[in-house]
Amino acid sequence: MDRCIVLVDAGYLLGAAASLLAGEPSRSRITVDHAALIQGLRERAESDTQRPLLRIYWFDGAPDRVPQPEHRRLRVMPRVTVRLGALTRSDGRWAQKGVDAAMHAELTELARNRACSDIVLVTGDGDLLPGMMAAKEHGVAVHLWAVQAADGDYNQSEDLVAEADERRVLDRAWITKAVRPKELTGICAPSPAPRPEIAAILSAPLPESALAAAAQRAEEEAAPARHADAASNGRESGEHRVPPGKGVPTPKDLAALRGPGTQPPQPPTSATLRWSSDKGWVERPGGAPEGPEAAALPTLAQLTTAEQRWADREEDITTVGGDPFEVGQVFARRWMARLPEQHNLQKLSTMYPRIPHRIDGELLRYAARFGLLAHKDDQIDEHDRYAIRAGFWREVDARTAAEHAPAGDRAGD
């Protein structure tokens, strides 16, 4: 039949795009507008083959073959079929299993059944060479597309390149219409709210910690023995050192920076910020218990009807990209819109940077739907956690700032 089909190896396409734009093949380094990407593939395929598109097959790996958020968004798009292989971890790296075999089977079956006249392959794996040869023997024209290589060389099997009927390169200009490196998006956009310190919290260590760490390093280099004695004496006298600076501050650091109310900042050893609720709720020495006002705030689940829950899931699948900062904003926007009494929002705003336990746990569970909070090298990605919460607070700040703006300012917006 005079129509074309596109078979996409997502691991190759997105991995090569990450190498080109971010300098490494990790897909976590890029953000993808899947709707724009699919539309771009369709338009390019119809232009190159001069045939109408029948379907785009998207082949990817997933843990236990369970669809991830991006797969759920893709499979509800028109003319898109998602096929999943397994995603396994070996020697600290993730590897796809069964994706090549599925592409080979689909390629040969489509050609044998004469479902199309042209097939576009977006892949670089030489294992598909037998399938490509079989498709050609059935009279199908095979178009091989490559992603522009970061080093200027081929990132495809030379055998595939030699066997293809037509070959095209998806260059940087084409890729950047739908894919961007995460560094360009940033965790914090320019602040529309009265709390620009959120950006500073995420981007820099605390000054006190940095100074303490520098002094400690200088002392260690100058007199290791004296440093050891001083440290020993400090422990005996009950003194506590300020911990070294960190790229992402801990909840204790934030509590020390902020300080409760108008009181001076408390030492990190005595201030406790109850923040990470997904590891269980444990009262630590020196930590103030959560007040009744925080415990009384309603959760999003309590404020959401069955109809709204369905609409939320539809929005998550089709429009929410899954960037950590964006996820926090979406959650906060829904929660605030459904509050029956807006004074609850004012209560929450006074608790900054603390998020009440039940709401914080619900926020993290919501973020998990988008593949965030996943283990990376067996460690939880704390940077994503802070980005999620920063997005939540940024949306709260924007809402409260708008409500307290003079009437003339609101009318002019």
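The values are calculated or read from the model by the stated rules, or taken from the named source; none is laboratory data. From a predicted model like this one, the values you see are computed outputs, not experimental measurements. Because the Cβ atoms are built from the backbone with ideal geometry, glycine has one as well, and the counts that use them run over all protein chains shown.
Just to be sure before I move on: is residue 262 more than 30 Å from residue 32 (Cα to Cα), modelled with pLDDT under 80 and either surrounded by 15 or more Cβ atoms within 10 Å (Cβ to Cβ) or outside the structural domain of residue 398 (by TED's automatic domain parsing) (or both) in the structure I sent?
Here the answer is no, as residue 262 does not meet what is asked.
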- prompt: What single numbered condition from (1) outside any helix (DSSP H, G or I); (2) out of contact with any Gly (no Cβ under 9 Å at 6 or more places or on another chain) fails to hold for residue 85?
  reply: (2)
- prompt: If residue 70 passes every condition in (1) at pLDDT below 95; (2) not in a helix (DSSP H, G or I) but one, which one does it miss?
  reply: (2)
query: Are any residues in the stretch 103-144 in a strand (DSSP E or B) and either over 17 Å from residue 45 (Cα atoms) or without any contact (Cβ under 8 Å) to a residue 60 or more places away in the chain (or both), and if so, which ones?
result: 142, 144
field: Single condition residue 21 does not satisfy, out of (1) part of a strand (DSSP E or B); (2) at pLDDT below 95
entry: (1)
- prompt: Which of the residues spanning the stretch 396-413 are surrounded by fewer than 22 Cβ atoms within 10 Å (Cβ to Cβ) and at pLDDT 60 or above?
  reply: 397, 398, 399, 400, 401, 402, 403, 404, 406
The lone exception for residue 87 - which of (1) closer than 30 Å to residue 136 by Cβ; (2) of a type in the set (A, V, I, L, M, F, W, C); (3) free of Cβ contacts under 8 Å to residues at least 60 places away in the same chain it fails: (1)
